[in-house]
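Okay, structure first, notes after.
Each reported figure results from applying straightforward, stated rules to the coordinates on display, with no laboratory input. Here the structure is a predicted model, which means the values were calculated and not measured. Backbone-built Cβ (ideal geometry, glycine too); neighbour counts: all protein chains shown.
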Amino acid sequence: MACAILTYFVVMIVGMGFVRIGIWEGLVEFEPLAWLNLALFKGYCIMIYWSHFKCMTSEPGLLPKNYTEKIKYDKLPLGIQSII
């Protein structure tokens, strides 16, 4: 729960900083691009909030106990094959 609160707090603080430092003058002067930037940024903030909430409240994926599929090492790039 602390991680969720911290995440939402950070997004909120960054949003306030973006508006106050980044586009405040444009908003006061009613510049269309400033309003477009605000709409896009707030849309991204909503997506961050929604995806984090969905991640916290949904059932995590898991593999069944008898899962037997093997990694096909021959199809991996040579650099990754050497790491594995």
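General observations
- 5 Å binning of all Cα-Cα separations within the range 17-60, expressed as whole percents from 0 upward: 5, 23, 20, 16, 10, 10, 8, 5, 3, 0
- Equivalent ellipsoid, the chain (semi-axes from 5 times Cα gyration tensor eigenvalues, Å): 42, 20, 12
- Relative protection proxy for 71-80, 32-41, from highest mean packing down: 32-41, 71-80 (other beta-carbon atoms within 10 angstrom).
- Each residue of the range 44-58 was assigned a 3J(HN,Hα) from its phi angle through the Karplus curve 6.51 cos²θ - 1.76 cosθ + 1.60 (θ = phi - 60°); the sequence is 5, 4, 4, 5, 5, 4, 5, 5, 5, 5, 5, 5, 6, 9, 9 Hz, with glycine and proline shown as x.
- Summed side-chain charge close to TRP24 - residues other than TRP24 whose Cβ falls under 15 Å, Lys, Arg +1, Asp, Glu -1: -1
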